[in-house]
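Scroll down for the structure; my scribbles are underneath it.
Read-outs throughout are calculated quantities, based only on the coordinates presented, and are distinct from any laboratory measurement. Quick caveat: nothing in here was measured; it's all calculated off a predicted structure. Methodologically, a virtual Cβ is constructed for each residue, glycine included, from the backbone with ideal geometry; neighbour enumeration extends over all protein chains shown.
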Amino acid sequence: MRLYSTKNTSKFVSLKTALFKGLPEDNGLYMPECIPQLPAVFFQNLKDYSFQEIGFEVCKALFWGAMPEKDIRKLIEKSITFPAPLVSLDEETRVLELFHGPSLAFKDFGARFMAQLMSYFNKNENRELVILVATSGDTGGAVAAGFYKTPGIKVVILYPSGKVSPLQEKQLTALGHNITALEIDGTFDDCQALVKKAFLDDELTERIRLSSANSINIARLIPQSFYYFEAYKQLKSYDKHVVFCTPSGNFGNITAGLFAKRMGLRVHQFIAATNVNDVVPEYLKSGIYSPRPSVRTISNAMDVGNPSNFARMMDMYGSTWNNFKKEISGYSFTDEETKAAMKEVFEKYGYVIDPHGAVGYLALQEYQAENKGTCGIVLETAHPSKFLDDVESILEKKVEVPERLAVLAEKKKVSVKMGTAFGEFKEWLAANKER
Ligand SMILES: *Cc1c(COP(=O)(O)O)cnc(C)c1O
C-alpha cells in the first residue's frame, strides 16, 4: 500500500510512514494510491461474514504488501471488539449504533485501530513511542481508551483545566497505566501550541520518539469504512435503494463511507447532515466553499468551520462540484430543530437519540421527502448519555449511563498540573522519559 498527499499526488509514502507522520510536510492529507474493489464473492456472501471478517477483507484489499495476512487478522481481532448494531425505527429509517465502545462514540473505532496498528509497526523499535494529544474533551477520551495498555506506547494527553466536563475529565485522568493526563492551566489552544512546539523541537524529537493521534490520521479513517458494510449486511431486504446519512463535523466519517462505496458497496446516496456550521451543505448548494469560524451548538462534536477532510473529498471528486453533488446531498439544522427531532424520535419510536444523531435523522427526513422509497441508515455517532444534561432536559426524562462510563465516574482523578510555558513541558517530558 502506498499513499500520496492531496497536495502532491506523485510522491508516495508507506503505510508506516503515513501512520507515524499523520500529516505530510506539505500540509495536505494522506490518501491511498488505490482504493481497490472487493471481490464479487465477498458481496454475495456478505451475510455470512462477521464484523471482524468484514474488517479483515477490507484491510487485506487496501493494505496489500504492507502487512502479512495473519498480522492483519490479529490487528482486526484486537481492534474490532465491540459491535455496531442496526436498529430499525421503521421500514425506511434505521439507526446504526456506533457508541458501543469504551468512550461511547464512533471515534473509538478509529482510535483503537490506530493504537493497534502503531503498536504493530513499533514492535521492532527499541525505543518507546510517546503519543502526544491535545484535547478539548472528546478526542482525548477515545484516544486514552484506544491506547490503554497498548505495549510499547505511552500516551500524554494535554487538556485545559476546568474546561472539560467532569465525566470527560475522568475519561482522561482515571485510567492510569500508560496514559498520563497533563492538566494545563490555560485553553485548548495553549495545549495544542505545546504539542506543536514539541514536534518542532529537535532536541526533544531526537531523545524521544514522538507521534500524534491526530484525527486526520488515515489509520483512523480506515476502520470507519468497516461499519458501512456491517450496516448493509444487517438489512433484511434490498428492494429499496440504500442511503447513508452521516452527522458530520470534520467529515472523516462520511469520507470512510465514500471509501466503502469505492470498494463496491451499493450505496445509492450519501447524506451529509450538519448543524448550523454548514460550510459543506452550502458548498453543495452554491459550488463555493467558504470556511468560517465555528459557532457553538448542542451537537458540539460537529462545530467545525473548516472541515479537515474536505480536501480528501475534493481529491476523490477531482475537485469537481458536479461529481461531489452527484454522490452527496447536504442539509443543515438549528438547535431548535434538533431538539424537536429528539422529542419526535422519542415520542414516535420510544428511541432516545443524541443531538448528533438527531441532526442526521432530520437530514434523512428531508432527503426522503424528495426521494421516496429509499431505505435510510442514520449513523448514531454517540450515546445519548454523553450529553446527559441536554438530553435529559430536552426529553424531560432520566437517561441511563452505561456501566462502562459509570464505573469511570467512581474512579480517582490523577493529573499532572502544569502551566503553559514550553520549557516546563519539555523538561517534564525529558525527565519522564528517563524514569
Ligand atoms: C467527531 C464526531 C462527529 C463528527 O465526525 P466527523 O468524522 O468529524 O465528521 C459527529 N458526532 C460525534 C458524536 C462525534 O464525536
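Annotations for the structure displayed:
- Taking only Cα atoms of the stretch 181-227, radius of gyration then Dmax in Å: 14.2, 42
- Annotation: amide H of Arg209 within the under-5 Å range of Val130, sequence separation 5 or more or interchain, hydrogens built in the peptide plane.
- Per-residue ³J(HN,Hα) for the stretch 157-174, Karplus 6.51 cos²θ - 1.76 cosθ + 1.60, θ = phi - 60°, Hz, x for Gly and Pro: 10, 9, 9, x, 4, x, 10, 10, 5, x, 6, 4, 4, 4, 4, 8, 10, 9
- For a label point 7 Å along the Cα-to-beta-carbon line of Ala409, residues of the stretch 132-171 with backbone N under 11 Å: 166-168
- Residues in the stretch 210-252 that a label on Glu282 would reach, taking backbone N under 18 Å of a point 7 Å out along Cα→Cβ: 248-251
- Whole-number D in µm²/s for the stretch 330-372 (Stokes-Einstein; Kirkwood sum over Cα pairs; 4 °C, 1.567 mPa s): 125 µm²/s
- Taking every alpha-carbon pair in the stretch 382-425 and binning the separations at 10 Å intervals from zero gives 22, 30, 22, 20, 6 percent.
- If the chain linking Phe199 and Lys372 were pulled fully straight, counting 0.36 nm for each residue of separation and taking away their Cα-Cα distance, it would gain 57.1 nm.
- Folded to 0 to 90 degrees: helix 218-234 orientation relative to the chain principal axis, Cα: 30 degrees
- Calculated FRET efficiency for the pair Arg296/Glu424, C-beta based, R₀ 35 Å, to 0.05: 0.70
- To the nearest ten degrees, helix 51-63 and the longest principal axis of the Cα atoms of the chain are 70 degrees apart.
- In order through the stretch 133-139: 3J(HN,Hα) via Karplus (6.51 cos²θ - 1.76 cosθ + 1.60), integer Hz, x for Gly, Pro: 9, 9, 9, 9, x, 5, 4
- Cut-off 16 Å, label 7 Å out along Cα→Cβ of Arg207, residues of the stretch 391-435 by amide N: 422-435
- A Stokes-Einstein calculation at 37 °C with viscosity 0.692 mPa s, built on the Kirkwood radius of the stretch 339-435 over Cα pairs, returns a diffusion coefficient of 192 µm²/s.
- Residue order, fewest to most surrounding Cβ atoms within 10 angstrom, among Ile179, Ile298, Ile288, Ile35: Ile288, Ile35, Ile298, Ile179
- Sequentially through the stretch 324-330, phi angles give Karplus couplings (6.51, -1.76, 1.60; θ = phi - 60°) of 4, 5, 5, 9, 10, 9, x Hz, Gly and Pro residues having no value and appearing as x.
- Along principal axes, Cα extents of the stretch 132-236, largest first, whole Å: 55, 34, 26
- Among the trypsin sites (Lys or Arg not before Pro) within the stretch 341-397, those in coil by DSSP and having at most 12 neighbouring Cβ atoms inside 10 Å are Lys372, Lys397.
- Least to most buried among Lys285, Lys7 (fewest other Cβ within 10 Å first): Lys285, Lys7
- Cα centre as origin, Lys/Arg/Asp/Glu Cβ charges: the chain dipole, Debye: 1240 debye
- Cα long-axis angle, helix 335-349 against the chain (0 to 90 degrees, to the nearest 10): 60 degrees
- Of the three principal axes defined by the Cα atoms of the stretch 50-112, the extents in descending order read 43, 26, 15 Å.
- Rounded D (µm²/s) - the chain, Kirkwood Rh over Cα pairs, Stokes-Einstein at 25 °C, 0.890 mPa s: 110 µm²/s
- For the stretch 154-169 versus the stretch 1-51, the spacing of their alpha-carbon centroids is 31 Å.
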